[in-house]
2 protein chains.
Amino acid sequence: MKIVIDCYGGDYSPDELVKGAITSVNLIDDVEIILTGNKEEIQNVIDQIGYKGDKLSIVDAPEVISCDESPTMAIRRKTNSSLVAGLNLLKENDDIVGMISAGSTGAVLAGGLFTIGRMEGVKRPALAPLMPTLVEGKKVLLIDCGANVDCKPEYLQQFAIMGSVYVKAMRGVEKPKVALLSNGVEDHKGNDLVHQAFALLKETKDIDFVGNIEAREMLSGDYDVIVCDGFVGNVALKATEGTFKVFTSVLKNEIKSAGLGSKLGALLMKKVFKNIKRKLSYTDVGGSPFLGINKILVKSHGSSKADTIYSCVRQVIEIHKSNYIENMREGIKNSSMVGEN
Amino acid sequence: MKIVIDCYGGDYSPDELVKGAITSVNLIDDVEIILTGNKEEIQNVIDQIGYKGDKLSIVDAPEVISCDESPTMAIRRKTNSSLVAGLNLLKENDDIVGMISAGSTGAVLAGGLFTIGRMEGVKRPALAPLMPTLVEGKKVLLIDCGANVDCKPEYLQQFAIMGSVYVKAMRGVEKPKVALLSNGVEDHKGNDLVHQAFALLKETKDIDFVGNIEAREMLSGDYDVIVCDGFVGNVALKATEGTFKVFTSVLKNEIKSAGLGSKLGALLMKKVFKNIKRKLSYTDVGGSPFLGINKILVKSHGSSKADTIYSCVRQVIEIHKSNYIENMREGIKNSSMVGEN
């Protein structure tokens, strides 16, 4: 199974991306990884680590797309960038099952859309990361979390359908519970978009729509799919990430400035802290798949290190093995969309 | 100084509201509190606690407005509700400086708007809670967090002005740093509304606009005022609250199921946990003032207990002493708004 990793555009490019690739081919059977980017630099990292196997190959594409550039312009102009080269490989080779990039979200999305293309019937592909929840082992899918910052109600309706198909195939949930992110649980809560989306979702037969929820309940574990526009989803996801960071940062500082007793306490609690980190970590979950395009494309966090890249590789394999492409095409084809096309 | 407390509509009504009022009059000099709601029930709580002073009075208004009702309908019809009675007192008596309610947010806002009325020149009053940050003692104002779920760019511009005036008067920040909540830090990031608001904010002379921020940075302590529409603000605030809850809940469960060593560790760390709770607590901060109406109206969390109500009373006094009404009127009058009226 072949997977492409775009080695540039992330905060730790190319080192951590290459390390993640090496971990992946070392630990997972039957995986070959194609690395795109500056060939010399990538080879240097491989040599430093001392990887001698034949599961890695490099495609030289030395241009880099940064977050400051206009995504669509960059995709068009920088044809020899690590991202565009990777997407072209993904598009042209049937034996490449998926791609991972930690680069500019806008460019990854624009590139995915223009190069790989939407599935038939998909109005707007969407970014859909899994988030950890209070319930052990249970994750919740947040869709969309950044691909579509201005949405029509029927986009949200289709996000619900895509999210349900994905969670069903990937996590074996027979009837995923779908909730609409709003500013209150009552049916009348929401802005204009949410009001209209609520009405559509209530009439959508293929899904188990349970109504509005507040952002406070996102991680309760009571839901499988949370639907929102990409702007709101981005805020919800990043507020959650940011709060975890604040909590751990305050905890660390407090321990540092505390007395000996508390320091000893922290030492004794090491295992507890480790468990919490594991349970609430985003690293384990991998990246955000871009659902609704014709291949598997995973956007990894800009700050991804090797362990996250390794998780993303496993994620691509898992998505591939779930027959995601066929399931999603079938799901979209059979869905009973209401509203304009 | 007289303050009204609406004792109904909260999760712990009327007991915790009445307890909070008693704590307030016991601990703060020169404060009298008027309690609105079911007189008999309120008197029972006062008798149970055994308060014998003369700083509390009750205005009998036994109707209750719930969260399930249409806010505007409820405000119009339930004229003998604890909320409407309180608002009428607030409106009609110059010596009543402010009011606190833990009831239905929609009803408090609708009631505040219709009964108390907007300040001259204010397009849309906004809910603006202070949130704790990573920097000790520093709070950040999130405006709007639920009053206006569908906004025009110029509303956001005015939120920035109102937020700046408030933070300057209340917290003595000479030039409050104003950030726009977006899905990325780059100038071109955002949805349609944010793009347009960004352009307006850049041209607004009265404020120190520092650009877009991601939700991840909300609690960094680098900003004084964060501007967004009320729907997005509500999601951001509640995602933050919810994540804190998830973290503490997972921590508690892990300690519960951990070995003796970890349990001892937790005991030793008691002070650290207490400090964190204090630093990151919303209880201390009070409630969300509804900025831009002609009196001080504070919406307290539905789940507020006595200590939060006490914080809200201190908050009303602090706002009153900062000459908020005069400052805000002056600030709005002198502001250089750009865009349609």
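Throughout, read-outs are computed from the coordinates displayed, never taken from laboratory work. Everything quoted here is computed from the prediction, not taken from an experiment. For neighbour counting, all protein chains shown are included, and Cβ atoms are generated from backbone atoms with ideal geometry for every residue, glycine included.
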field: Size of electric dipole in region A:2-56: Cβ of Lys, Arg +1 and of Asp, Glu -1, about Cα centre, debye, nearest 20
entry: 100 debye
field: Protection proxy ranking, peptides B:2-9, B:149-156, average beta carbon neighbours within 10 Å, highest first
entry: B:2-9, B:149-156
task: Give me a single rounded figure for B:152-159: the average over its residues of other chain Cβ atoms within 10 Å of their Cβ.
output: 0
statement: For region A:123-291, the dipole about the Cα centre with charges only on Cβ (Lys and Arg +1, Asp and Glu -1), to the nearest 20 debye, works out at 1100 debye
statement: For residue B:4, other-chain or 5+-apart residues with amide H closer than 5 Å (H placed, Pro excluded) are B:34, B:98, B:99, B:100
- request: Using Cα pairs closer than 8 Å and at least 6 residues apart in sequence, work out the relative contact order for chain B, in percent.
  value: 23 percent
- request: Taking the Cα centre of the protein assembly as shown as origin, sum charge times position over the Cβ atoms of Lys and Arg (+1) and Asp and Glu (-1), and report the length of that vector in debye to the nearest 20.
  value: 1700 debye
message: Sort A:290-297, A:101-108 by the packing proxy (mean of other Cβ within 10 Å over each peptide's residues), most packed first.
response: A:101-108, A:290-297
Kirkwood estimate for the protein assembly as shown, i.e. one over the average of 1/r between Cα atoms, Å: 26.7 Å
- request: Using the charge dipole of region B:129-284 (Lys, Arg: +1 at Cβ; Asp, Glu: -1 at Cβ; taken about the Cα centre), state which of B:272, B:182, B:140 has its Cα farthest towards the positive end.
  value: B:272
- request: Return the average number of partner chain Cβ atoms within 10 angstrom of each residue Cβ along peptide B:15-21.
  value: 0
Whole-angstrom gap from region A:1-74 to region B:197-274, using each part's C-alpha centre: 34 Å
statement: With only helices counted (DSSP H, runs n ≥ 4, each -39500 (n - 2.57)), the per-residue ellipticity at 222 nm for the protein assembly as shown, to the nearest 500, works out to -14000 deg cm²/dmol
task: Compute the label-point distances linking residue B:174 to its equivalents in the other copies; points lie 7 Å from Cα along Cα→Cβ; give nm, one decimal, shortest first.
output: 6.8
query: By a straight-distance test (C-alpha under 21 Å), which lysines pair with residue A:321 as possible cross-link partners, with residues fewer than eight away in the same chain excluded?
result: A:2, A:55, A:91, A:138, A:139, A:168, A:175, A:295, A:299, A:333
statement: Inter-copy distances for residue A:92, label 7 Å out on the Cα-Cβ vector, sorted ascending, nm, one decimal, are 8.1
message: Per-residue counts of other Cβ atoms within 10 Å, averaged by peptide: what ranking do you get for A:54-63, B:123-132, B:180-189, highest first?
response: B:123-132, B:180-189, A:54-63
- request: Please give the net charge around residue A:214, taking every other residue with its beta carbon less than 13 angstrom from that of residue A:214, where Lys and Arg add +1 and Asp and Glu add -1.
  value: 0
- prompt: What shape does region B:45-98 take by its C-alpha gyration tensor, where a ≥ b ≥ c are the square roots of the eigenvalues and a/c under 1.5 counts as rounded, a/b above b/c as prolate, and the rest as oblate?
  reply: oblate
message: Can you pull out the GluC sites (Glu not before Pro) in region A:252-341 whose DSSP state is coil and whose Cβ has at most 15 other Cβ atoms within 10 Å?
response: A:340
- line: Taking the dipole of region A:83-221 about the Cα centre (Lys, Arg +1; Asp, Glu -1; charges at Cβ), the one of A:112, A:130, A:158 that reaches farthest to the positive side is A:130
task: Mind checking which of B:262, B:246, B:291 is farthest towards the positive end of region B:233-323's charge dipole, using Cβ charges of +1 (Lys, Arg) and -1 (Asp, Glu) about the Cα centre?
output: B:262
